[in-house]
């Protein structure tokens, strides 16, 4: 009669061998397949992203990129930025960005206009009116609200400067930098790391939180190398 201990030992060795040879090989193959698929998606996304960066923009697209660039400047400083113009479109009520830091709120109008264009007093009045409407219709919770006007190359007329001074509007000039990092790298509640591109429909609704390890990448390749992948569904972006 065979030794039961020997039989049990033999079965255990067989099970371990089967796992090592079959299960792990299968799992490794699946992992490699998934990685190859992710790399293919990354390559495709990088090409699309490069085309987005380098192609000619319509005036509306140029304005949207300028708003995003200004918002990015504030996000780096820890402000919460609402891309009101990009999300609301023609219904933005004359305010492109709403920027908060817990103490104050900035209502921002941004004009990515050429140097031949002028910002007149009427443009400043329009922004002040939009800010007043925001104060009346939003919960500001005692925070100080300021109006800020940004231009890329356009110039402010003397009357615009005078009116802005009288009404407490900040007039700023900031040239558009097309090389700022635009790829949003997010971490979901379940720990999934995903990257999101400027032409994604929900891009402007996403907020990057550095405290969670989230960041802005300069390229899809940078995001991929740091373990971020394309989201499967829009819900993955939340």
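Overview of values
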quantity: In nm, spacing of pseudo-spin labels at residue 126 and residue 61 (7 Å Cα→C-beta vector); calculated: 2.3 nm
quantity: Stretchable slack from residue 200 to residue 114, in nm (0.36 nm times residue separation minus alpha-carbon distance); calculated: 28.2 nm
quantity: The range 179-237, relative contact order in percent, only Cα pairs under 8 angstrom and at least six apart counted; calculated: 44 percent
quantity: Span from the the range 179-222 Cα centroid across to the the range 146-160 one, whole angstrom; calculated: 31 Å
quantity: Residues 184, 103 arranged by fewest to most Cβ contacts within 10 Å; calculated: 103, 184
quantity: q = 0.13 Å⁻¹, the range 179-237: log10 I(q)/I(0) [Debye, one scatterer per Cα]; calculated: -0.27
quantity: Distance in nm between pseudo-label sites at residue 139 and residue 178 (7 Å out along the Cβ direction from Cα); calculated: 4.2 nm
quantity: Mean separation of Cα contacts under 8 Å, 6 or more apart, over the residue count of the range 59-173: relative contact order %; calculated: 24 percent
quantity: Gained length - residue 40 relative to residue 77, 0.36 nm times residue gap less alpha-carbon distance; calculated: 9.9 nm
quantity: Mean Cβ neighbour count within 10 Å, used as a protection proxy, ranking 51-64, 87-100 highest first; calculated: 87-100, 51-64
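FYI, it's all coordinate maths here, none of it is from the lab. In this text, all values refer to a predicted model and were calculated from it rather than measured experimentally. Virtual Cβ from ideal backbone geometry, glycine too; neighbours counted across all protein chains shown.
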